[in-house]
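The values are calculated or read from the model by the stated rules, or taken from the named source; none is laboratory data. In this text the structure is predicted, and so the values were computed from the model without any measurement. Note: ideal-geometry Cβ built from the backbone for every residue, glycine included; neighbour counts use all protein chains shown.
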């Protein structure tokens with residue numbers, strides 16, 4: 001995720017620099033509308049997926065109990081990995 005953020009940020013900065021130098025004509029309003037639409041669709045899909053997962057867990061409590069034991073060791077190591085970067 002960090003790498004993707006750096007790449008996308010560098011791309012936007014490069015386009016903004018070229019636009020400032022009048023080498024490229026960027027239609028910022030259209031770009032903003034397209035990115036806003038894309039981010040809205042992605043967020044709606046994530047919410048829908050989370051709701052579906054919550055429904056599945058609610059209808060199968062035995063799976064939640066079994067996965068809880070596995071997550072007891074996994075989650076702390078995952079958090080340590082995120083903290084170290």
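Out of 3, 38, which single residue is surrounded by fewer than 10 Cβ atoms within 10 Å (Cβ to Cβ), in a helix (DSSP H, G or I) and at pLDDT 90 or above?
Working: 38 fails: surrounded by fewer than 10 Cβ atoms within 10 Å (Cβ to Cβ).
From the options 3, 38, the qualifying one is 3.
Given the residues 29, 22, 12, which is the only one that is surrounded by 10 or more Cβ atoms within 10 Å (Cβ to Cβ) and free of Cβ contacts under 8 Å to residues at least 40 places away in the same chain?
Details: 29 fails: surrounded by 10 or more Cβ atoms within 10 Å (Cβ to Cβ); 22 fails: surrounded by 10 or more Cβ atoms within 10 Å (Cβ to Cβ).
None of the other options fit; the residue is 12.
Please determine whether any residue of region 55-75 is at pLDDT 80 or above and surrounded by 10 or more Cβ atoms within 10 Å (Cβ to Cβ).
Step one: of region 55-75, the residues at pLDDT 80 or above are 55.
Then drop every residue that is not surrounded by 10 or more Cβ atoms within 10 Å (Cβ to Cβ), which leaves 55.
Among the residues of region 55-75, at least one is at pLDDT 80 or above and surrounded by 10 or more Cβ atoms within 10 Å (Cβ to Cβ), which makes the answer yes.
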